[in-house]
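Single-structure report; data block below.
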């Protein structure tokens, strides 16, 4: 960490002494300029307000030569921009949407002899004049963000650091795929995209730089986003016991302050600022099979055949770098894949799509009729050295050159390179090695002084060094791929998978956690990583199922397939030289049966998963969620319940997954359930509440045992619970999302824990591949239910949208029943209700004519 401690700057001791005497001198009537103006060159501290005036949506402050603007983009979202020497940094961003960055919300200015500030309606901003100390509170007086009094914002040359108070019961989430616990408190991190093969729980940095985090205290959420692409650092209570800080080696001091008060509201603000994940093609939610590498062609065909022969639902097979001719991107090896086009068609006929890796480097192969290189040279599209020559680095194909993705023209050209593959029917593309990763150099990346040309709408046209562009290089690579695919096939939703990215990169690509390992600890690590990625915008994310580095034990592979069945992207992937780890490998027939059953469960839940993905595309709320996102007030003192849960997570709002906290141990364990009522997803049995709806978990370390349930780990089972008051759609099993299910749509109704409680659910559906939904060709349904003392009433809304579903009937399953129904009546008259005592449910089949429907069941 580059944490600039005051003790490191002994040469400034006189300046520090002078700063301590300033208040005394001022009190005697001396006119003294602020410390910022008097400091030695290169060291500027914003220690006091020397001037201030109102802005239409905030306030501008001077601290000697330093200028600070605090403005309201919305009532719940502030922007802080600071320039050390008279001017503010360039008002441009790779991450923030232009319309959001320039938005304005009116404010009420306030000023007196002690402070200056403004209110937005939701927030009150106060800046004490001496010392300069900013506090942001909500309208109820809760502190959201507050500076540390003796830690003013400081610039040391081009670097800067900002310190904020950290109450002992405040917690921090986000920062993307950083390994470690879900809560970032007592941790420190560096943002510098790094090829981190075989990373471990303590490894930092790794692949992505997402300088955003959520704060959470007493049920109230806020957040901070530092929009700076240089090497940035974050410290949570390590340097300063009760303080967190963030800073950068260079670049703009431009950060945003978010306010909920709920975590979901903060997530929606984050999405408003940097955009949402586009609605993905449905097939990307299916099971995906991969390894480094499947070749020759006969091996790919064998994998596809075995998936279908063993009745394992699957939607995609990935081809890693060995399908290429000499590892040259955008080529196919004619010896290994002599009938490549036929293979792609045959896979598609089996309802299996193909995803190809396309690393961002271009083989340096002049005079070889290699189109990507020849076109790139002709169009001046490659990154250059400081002397103007083209930069060359060694990667998989040997010497390689790199497109200059900060030039829009170069991104546009890059997108055209996919034309041939798109015409062949390739469904998705995998942008790997885009940190960028370079071989044979200690830094594992480009030299610091490599030159990038910024020619981008919204930016000043200029040249920047790699130090500024490094963290956005991978994002702009995936952006070029995504935008190129949109142009090549405008009515088909692209799928791009990227390893490296920056804040906002989720607008262009899904991601995964990189080169993990085949260990039980890495299975355990997957949960916090994916939840923090989701909170950071990357809600469409996964981890290499089974682990990439090394070969998993059979039980580890089985358990990983079970857990991954409930995660956003479900891709089995491993490295060269490892043992096979397809579902039918590395185990017994019973292992295969268990693995298949969980993959099948994922496909039965596809309507629910797709509905949740559509919600994410509108709101930014991720598919895979920490418990506090849905239940911010579940604990007695309103701390995040996840601190007591040991890796539990939610899929959408209504399914809770409770894996063992240490999945390689045989010990029984306890799961914490939010106090709303739950049903066992597998058996349908209602979890006894015993009055727990009034209970809460206590402080961070002492849970209330009454809220916990005892679970026994089993290699063939994963505890899953359905929320009381939810209605979850379940569809018939298919071997691919390409295939329309046959039969009724099942609605699993889990009545509220108590009569009168809320009960709801929804379903979204479209063709799963095109943009026709944007013109109204979609289906949206809303469900509700009411539990009375004598039964349950279920209501289904009329259809919204013009899309015609595959079903004509609803199979309504009402759980929690302990006896047959006395009567059942639908909108069309009396119906039969079957009773299943084993699963504690009543089942009624009713017609779906697209109109509103109602079902009343009396016990």
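The values are calculated or read from the model by the stated rules, or taken from the named source; none is laboratory data. Just so it is clear, the structure is predicted and the values come from calculations on it, not from any experiment. Cβ atoms come from the backbone with ideal geometry, glycine included; neighbour counts cover every protein chain shown.
Check whether at least one residue in segment 720-727 is in contact with a helix residue (DSSP H, G or I) (Cβ under 7 Å, 6 or more places away or on another chain) and either closer than 30 Å to residue 563 by Cβ or not assigned by TED's automatic domain parsing to the domain that holds residue 566 (or both), and report yes or no.
No, every residue in segment 720-727 fails to be in contact with a helix residue (DSSP H, G or I) (Cβ under 7 Å, 6 or more places away or on another chain) and either closer than 30 Å to residue 563 by Cβ or not assigned by TED's automatic domain parsing to the domain that holds residue 566 (or both).
Would you check which residues across segment 355-387 are assigned to a loop (DSSP other than H, G, I, E, B), more than 16 Å from residue 438 (Cβ to Cβ) and free of Cβ contacts under 8 Å to residues at least 60 places away in the same chain and list them?
365, 366, 367, 368, 369, 370, 379, 380, 381, 387
Counting only residues that are surrounded by 15 or more Cβ atoms within 10 Å (Cβ to Cβ) and on the phi > 0 side of the Ramachandran plot, which one in segment 419-471 is farthest from the chain's Cα centre (by Cα)?
444
Kindly list the number of the only condition in (1) out of contact with any helix residue (DSSP H, G or I) (no Cβ under 7 Å at 6 or more places or on another chain); (2) more than 17 Å from residue 78 (Cβ to Cβ) that fails for residue 179.
(1)
I need the full set of residues from segment 747-772 which are buried (at least 21 other Cβ atoms within 10 Å of the Cβ), in contact with a helix residue (DSSP H, G or I) (Cβ under 9 Å, 6 or more places away or on another chain) and not in a loop (DSSP other than H, G, I, E, B), in order please.
761, 763, 764, 765
Going by the structure shown, is residue 206 more than 18 Å from residue 265 (Cα to Cα) and out of contact with any helix residue (DSSP H, G or I) (no Cβ under 6 Å at 6 or more places or on another chain)? Spell out how you get there, then give the answer.
Values: more than 18 Å from residue 265 (Cα to Cα): yes; out of contact with any helix residue (DSSP H, G or I) (no Cβ under 6 Å at 6 or more places or on another chain): yes.
In short, yes.
I'd like to know if segment 262-274 contains one or more residues that are assigned to a loop (DSSP other than H, G, I, E, B), in the same structural domain as residue 174 (by TED's automatic domain parsing) and over 25 Å from residue 592 (Cα atoms).
Within segment 262-274, one or more residues are assigned to a loop (DSSP other than H, G, I, E, B), in the same structural domain as residue 174 (by TED's automatic domain parsing) and over 25 Å from residue 592 (Cα atoms).
Can you pull out the residues in segment 89-121 that are part of a loop (DSSP other than H, G, I, E, B) and crowded, with 21+ Cβ neighbours inside 10 Å?
Once the filter is applied, which keeps residues that are part of a loop (DSSP other than H, G, I, E, B) and crowded, with 21+ Cβ neighbours inside 10 Å, segment 89-121 yields 93, 94, 95, 96, 107, 120.
Determine, yes or no, whether residue 304 is outside the structural domain of residue 464 (by TED's automatic domain parsing) and without any contact (Cβ under 8 Å) to a residue 24 or more places away in the chain. Give the derivation first.
Details: outside the structural domain of residue 464 (by TED's automatic domain parsing): yes; without any contact (Cβ under 8 Å) to a residue 24 or more places away in the chain: no.
In short, no.
Output yes when any residue across segment 290-304 is in contact with a strand residue (DSSP E or B) (Cβ under 6 Å, 6 or more places away or on another chain) and more than 25 Å from residue 600 (Cα to Cα), and no when none is.
No: segment 290-304 contains no residue that is in contact with a strand residue (DSSP E or B) (Cβ under 6 Å, 6 or more places away or on another chain) and more than 25 Å from residue 600 (Cα to Cα).
Going by the structure shown, is residue 76 closer than 30 Å to residue 506 by Cβ, surrounded by fewer than 19 Cβ atoms within 10 Å (Cβ to Cβ) and in contact with a strand residue (DSSP E or B) (Cβ under 8 Å, 6 or more places away or on another chain)?
Against the criterion (closer than 30 Å to residue 506 by Cβ, surrounded by fewer than 19 Cβ atoms within 10 Å (Cβ to Cβ) and in contact with a strand residue (DSSP E or B) (Cβ under 8 Å, 6 or more places away or on another chain)), residue 76 does not qualify.
Within segment 140-191, track down each residue that is in contact with a strand residue (DSSP E or B) (Cβ under 7 Å, 6 or more places away or on another chain), closer than 14 Å to residue 221 by Cα and either in a loop (DSSP other than H, G, I, E, B) or touching a residue at least 60 places away in the same chain (Cβ under 8 Å) (or both).
142, 144, 145, 166, 167, 169, 170, 171, 172, 173, 174, 183
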